[in-house]
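Before any comments, here is the structure.
The values are calculated or read from the model by the stated rules, or taken from the named source; none is laboratory data. Model, not experiment: these values are computed from the prediction. Methodologically, a virtual Cβ is constructed for each residue, glycine included, from the backbone with ideal geometry; neighbour enumeration extends over all protein chains shown. Each accessible area value is taken on the protein alone, full model and side chains, heavy atoms only, with ligands, DNA and RNA left out. Shrake-Rupley method; radii C 1.70, N 1.55, O 1.52, S 1.80 Å.
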Amino acid sequence: MTTETRTVTEFWVSSGHHMTRRVDGGGLAVTDEMILAYLARPELVPPAEACAAERALHADLMREPRRPVTAAMIAAIADEDARENWQFMIGFRDKLMAHPSIEAAYLAIVRQGSRGVPPLFLNQLVHLVLRNALDGCEDPFVLRAAELFFRPQKGSLKDGTLLLADQELIEAFEAERRALLQTSPLAAMMGTDGMGDLEVMTDETAPTYWSRSDAFSMVFNIGGDPRSREALCRALETWIAHMLGVETTIATIDRIEDADWRWFVGLDAEATALGNRLWRGEAIDPADQSRVCGLFRLDFADPRTIDPKLAGKPVYLIMALTEDMILRIKPQNLIVGLPLVGRQAA
């Protein structure tokens, strides 16, 4: 008798999942190593000109990451920007430590309105939580789709098809091209745009995702590839199941044809605003309609988990681009926006 050993492919090392560990229930523990990684951020490492109070605070926490920090200790820091950074960091650290898992801390943060927590920190938590939820996933399309949850995307139309690429990478390409324009206008004009410098994920190119998952460098063909849209549905289902313990089935749709639709969740701020206008019966001009880049139908596996007022009706999910073609998904909207009975916990 032989035993087959399956090799688990690594991805998203930059999430920091190797600095934490699983706890009972499947969530991730807040570890000293994780806190130390935040203390190593350039915003918190005291520069040479830092005052003694800032240097002492940083040194103490590097030795004892969970050490209590008082408001007076932060107020003693001379530099105003440094004080603000430390207020954000200690507030964030204390929120994490107050809960049994990173998932539980995230739930508490977003349900309380996430005030005082920088969006960057929220995105980092989503990155880490999704790395945990998708552990063992063998479909690079699903992983690329999940990047939309914590990496803003820049949209571009090619032959009428919507492509999504990592906004940070596109901005870096554009900055490089502007610099090149100053020194070599001809070379800059001959170059392609940022999207053209990246590879589109297809069945043929998808296997290369594993070797560059932390580069976030593959273009996602959300408009022209059904497999990409299906992958986004699977990523949404995984997020909801992991964070709320609720099983759902999500599918893409072309339009909302239900005259008695009762609930929707906007996956981003733009979609929420458009959905609210539709809900109120307001007319939506074609330009705004064209920015809707995703419509989904969500059905719950167990109808007892949802508000009885829905009476078996689905929830519709809407996704939209900003006017400058940016997609900023807010996964917390699914945490606070679904019509669940009671509050589900991670």
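Quick notes on this structure:
- Lone unmet requirement of (1) part of a loop (DSSP other than H, G, I, E, B); (2) farther than 12 Å from LEU317 by Cβ for SER228: (1)
- Residues in the range 237-254 that are within 21 Å of ARG111 (Cβ to Cβ) and of a type in the set (Ser, Thr, Tyr) were compared, and the one that is surrounded by the most Cβ atoms within 10 Å (Cβ to Cβ) is THR248.
- For the criterion of being in a helix (DSSP H, G or I) and open to solvent by 20 Å² or more (accessible area, probe 1.4 Å), ARG66 fails.
- Residues satisfying the stated conditions in the range 79-95, i.e. open to solvent by 60 Å² or more (accessible area, probe 1.4 Å) and of a type in the set (Lys, Arg): ARG83, LYS95
- For the range 99-107, the count of residues that are open to solvent by 30 Å² or more (accessible area, probe 1.4 Å), of a type in the set (Gly, Ala, Ser) and farther than 19 Å from HIS18 by Cβ is zero.
- Residue pairs meeting the criteria (Cβ under 6 Å; at least 6 apart or on separate chains; first over 23 Å from GLU323 (Cα atoms), in the range 253-269; second of a type outside the set (Asp, Glu) and open to solvent by 30 Å² or more (accessible area, probe 1.4 Å)): ARG262/LYS313
- Looking only at residues in the range 28-53 that are open to solvent by 10 Å² or more (accessible area, probe 1.4 Å) and in contact with a Pro (Cβ under 6 Å, 6 or more places away or on another chain), the one that is nearest to ALA82 (Cα to Cα) is LEU36.
- Condition broken by ALA48, with the remaining ones in (1) part of a loop (DSSP other than H, G, I, E, B); (2) hydrophobic (A, V, I, L, M, F, W, C); (3) modelled with pLDDT of 95 or more satisfied: (3)
- Positions within the range 154-168 being polar (S, T, N, Q) and closer than 17 Å to PRO226 by Cβ, in sequence order: THR161
- Tabulated pairs, the range 279-293, first over 15 Å from ILE256 (Cβ atoms), second part of a loop (DSSP other than H, G, I, E, B) and open to solvent by 90 Å² or more (accessible area, probe 1.4 Å), C-beta under 8 angstrom, 6+ apart or interchain: ARG291/GLU323
- In the range 292-346, the residues that are open to solvent by less than 30 Å² (accessible area, probe 1.4 Å) and part of a loop (DSSP other than H, G, I, E, B): PRO314, LEU321, THR322, ILE329, PRO331, LEU338, PRO339
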